[in-house]
Amino acid sequence: MKLYQGRREWHVTEVTVDGRPLDPRLDLWNHSPTGFEWGYGGSGPAQLALAIIADHLSDDHDALNLYQDFKRTVVASLPNHGWTLTSRQIQQSLDALKCTPQPSSDEVPF
């Protein structure tokens, strides 16, 4: 089981997976070349969500399809000072997202 950890010291954030720096995966989508962020919805949290999901799934296509929802439901809620996520927690979150009905493209939201 992998362990993902984020911590903040002053204005610098550090994210690791099993003690190694997490690859930001700027090759997939460059939301935030200045680094990861969490605790809100924005470009830094989007980059973190993409990096976590791409690493966890080892599937770039699925990561690109799921990371924005993961950002909204998980990364935006992570505590500002620091956090830890296990691969089991990440998978549970992804499973819940996949079970949540998504509106079809022909439905008009009200």
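The values are calculated or read from the model by the stated rules, or taken from the named source; none is laboratory data. Please read these numbers as outputs of a predicted model, since none were measured by experiment. For neighbour counting, all protein chains shown are included, and Cβ atoms are generated from backbone atoms with ideal geometry for every residue, glycine included. Surface areas here come from the heavy atoms of the whole protein model, side chains and all, with no ligands, DNA or RNA. Shrake-Rupley method; radii C 1.70, N 1.55, O 1.52, S 1.80 Å.
Listing for the model above:
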quantity: Cβ pairs under 8 Å, 6+ apart, first in region 66-84 and open to solvent by 60 Å² or more (accessible area, probe 1.4 Å), second in a helix (DSSP H, G or I); calculated: 73/93; 73/96; 73/97
quantity: Breaking point among (1) loosely packed, with under 11 Cβ neighbours inside 10 Å; (2) among the β-branched types (Val, Ile, Thr); (3) closer than 23 Å to residue 28 by Cα, for residue 100; calculated: (3)
quantity: Number of the exception - residue 103 against (1) out of contact with any Gly (no Cβ under 9 Å at 6 or more places or on another chain); (2) modelled with pLDDT of 95 or more; calculated: (2)
quantity: Selection status of residue 62, open to solvent by 50 Å² or more (accessible area, probe 1.4 Å), modelled with pLDDT of 95 or more and assigned to a loop (DSSP other than H, G, I, E, B); calculated: no
quantity: Pairs where the first residue, in region 34-63, is farther than 18 Å from residue 76 by Cβ and the second is β-branched (Val, Ile, Thr), C-beta under 7 Å, 6+ apart; calculated: 55/17
quantity: First in region 1-30 and within 14 Å of residue 63 (Cα to Cα) and of a type in the set (A, V, I, L, M, F, W, C), second anywhere and part of a loop (DSSP other than H, G, I, E, B) and open to solvent by 40 Å² or more (accessible area, probe 1.4 Å), Cβ under 7 Å, 6 or more apart; calculated: 26/33
quantity: Qualifying residue in region 7-30 (condition: assigned to a helix (DSSP H, G or I) and either modelled with pLDDT under 95 or open to solvent by less than 30 Å² (accessible area, probe 1.4 Å) (or both)); calculated: no
